[in-house]
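The values are calculated or read from the model by the stated rules, or taken from the named source; none is laboratory data. This structure is a prediction, so every number in the text was calculated from the model and none was measured. Don't worry about glycine lacking a Cβ; one is built from the backbone with ideal geometry, like all the others, and counts go over all protein chains shown. Just so you know, the surface numbers come from the protein's heavy atoms only, side chains and all, with ligands and any DNA or RNA stripped out. Shrake-Rupley method; radii C 1.70, N 1.55, O 1.52, S 1.80 Å.
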Amino acid sequence: MQRLTNASPIDDSTLAMYEATVAIIHRHLPPSLALLYATARRGSEGYLEWWTGREGVAKPLSMLSEAEQHSIQNKRQKYQDILQGFIDQLMARGEDKSAQALQTLLTNSRDLACYGVGGEPVLVNWAVAAEEKILPVASVPLWRRLLPWLLLLLLLLLLALACWWYKNNAHNRSAVPHATIPTKSEAPAHVSPPPPADIELTKDHPSVNLAKQKDFGRIKVNLTWQQGHHQRSIDLDIAAFVRLKNGSKGGVEALSKLPGDYSKPPYMSLQGDLREGDDKNGEWLFINGSHWQDIDEVLIYSFIYSGVNNWQGTDATITIYIPDQPPISTILVDENNLNNVAAIARLKNINGDIKVERLNSFFSDRQSMDKHYGWGFEWTSVASKN
């Protein structure tokens, strides 16, 4: 997922309406159509943020060439025409509430701001009108259809007021005598530089190199996922293969009863298997970066243990934390519903450096993944995770 923009503060009830509408979109529409609408989230400071699962460079429509704008607008109209067909189908099946929500969304998004992301349209700042009761689509009151536009007009007025205030204060700041501006030596001692930006590995940017260090410290690998609209609790497992410089191979995996060892080979360990799959902090794998010069390669993978039979809608994300380095993350994007094992990332020792590679490859079982990457393990079946 990548963030497109952020807007005004958002309260719990409004965020709940957005999440409910997103759930309806993803329940009834195919991914290519559902991704027309950006996902609403609340940021750490309480502001409404717009995110998209599409991959590629994101640009506002006004920054695209005329030909690109024409292509984006054609796709947008095509998707909205298809959405109208889905609404008619929902009405015919008697699913008035879902049809009402999608119709309101479609009506309010005819002239919304649009981004181009990898050649595909993404709409942001779409509004959901609060509903008091289920009404036929054709009988939506006029004031409710106009409410999102009035809210948008109010937002624009607030933005204009903020711009005026900023310009006015900038002018006042420029009038301050130079002697009152503190010099570098007078700057407060507690001011620290901003933290480095996070690194996201994608199809277009699949790897990153970290310069050699004497000691990389405690490397933490975190696997998180979303429950979404799935009824059963989702349980994903994180695991890894490791090859040392002396040629020996090993791995850590809860299902195979291999918890690992942090202080000696294989120099990695699991935090502990989350059998219920409901910990918001996800699962953790720890790699002893103090012994990185003894390690040749680490292949990080995950598999679905229970709750779902494919990766779609889980937003399974790996984040790698290395001391004094920005976090490195990648989101699994699966186009094959039949595979439940995912090779996520690979850490390779290149002359002492760490090269982190996005793999995003999917397999029917772990043996197939082993064979594909040439590790050569011998596999035996086990009864269950317990």
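See the values below:
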{"read-out": "Restricting the stretch 189-215 to residues that are open to solvent by less than 100 Å² (accessible area, probe 1.4 Å), within 16 Å of PRO323 (Cα to Cα) and not in a strand (DSSP E or B), the residue that is modelled with the highest pLDDT", "value": "ASP215"}
{"read-out": "Strands (runs of 3 or more DSSP E) wholly inside the stretch 35-105 containing at least 1 residues that are of a type in the set (A, V, I, L, M) and at pLDDT 85 or above", "value": "58-60"}
{"read-out": "Residues of the stretch 240-259 that turn out to be crowded, with 22+ Cβ neighbours inside 10 Å and either under 21 Å from the mean Cα position of the chain (by Cα) or not aliphatic (A, V, I, L, M) (or both), as a count", "value": "1"}
{"read-out": "Subset of the stretch 1-49 (residues that are touching a strand residue (DSSP E or B) at 6+ places or on another chain (Cβ under 7 Å) and under 27 Å from GLU95 (Cβ atoms))", "value": "LEU15, TYR18, VAL22, ILE25, LEU35, LEU36, TYR37, ALA38, THR39, ALA40, ARG41"}
{"read-out": "The stretch 273-290, subset open to solvent by 30 Å² or more (accessible area, probe 1.4 Å) and touching a Lys or Arg at 6+ places or on another chain (Cβ under 9 Å), residue modelled with the lowest pLDDT", "value": "ARG275"}
{"read-out": "The one condition in (1) charged (D, E, K, R); (2) surrounded by 14 or more Cβ atoms within 10 Å (Cβ to Cβ); (3) in contact (Cβ under 8 Å) with a residue 40 or more places away in the chain that ARG42 fails to fulfil", "value": "(3)"}
{"read-out": "Unique match (being assigned to a helix (DSSP H, G or I) and open to solvent by less than 70 Å² (accessible area, probe 1.4 Å)) among THR21, THR5", "value": "THR21"}
{"read-out": "Any chance LYS167 is in contact with a strand residue (DSSP E or B) (Cβ under 9 Å, 6 or more places away or on another chain) and either open to solvent by 60 Å² or more (accessible area, probe 1.4 Å) or modelled with pLDDT of 50 or more (or both)", "value": "no"}
{"read-out": "Residues of the stretch 291-329 satisfying the condition of being under 30 Å from GLY247 (Cα atoms), open to solvent by less than 10 Å² (accessible area, probe 1.4 Å) and among the small types (Gly, Ala, Ser)", "value": "SER302"}
{"read-out": "Single residue of GLN73, GLN89 found to be open to solvent by 30 Å² or more (accessible area, probe 1.4 Å), of a type outside the set (Ser, Thr, Tyr) and touching a strand residue (DSSP E or B) at 6+ places or on another chain (Cβ under 8 Å)", "value": "GLN73"}
{"read-out": "Checking LEU270 against (1) open to solvent by less than 10 Å² (accessible area, probe 1.4 Å); (2) in contact with an Asp or Glu (Cβ under 8 Å, 6 or more places away or on another chain), the condition it does not meet", "value": "(1)"}
{"read-out": "Test: GLU49 is of a type in the set (D, E, K, R), farther than 23 Å from LYS203 by Cα and touching a Pro at 6+ places or on another chain (Cβ under 9 Å)", "value": "no"}
{"read-out": "Residue in the stretch 221-238 that is in contact with a Lys or Arg (Cβ under 9 Å, 6 or more places away or on another chain), surrounded by fewer than 17 Cβ atoms within 10 Å (Cβ to Cβ) and under 30 Å from ARG27 (Cα atoms) present", "value": "yes"}
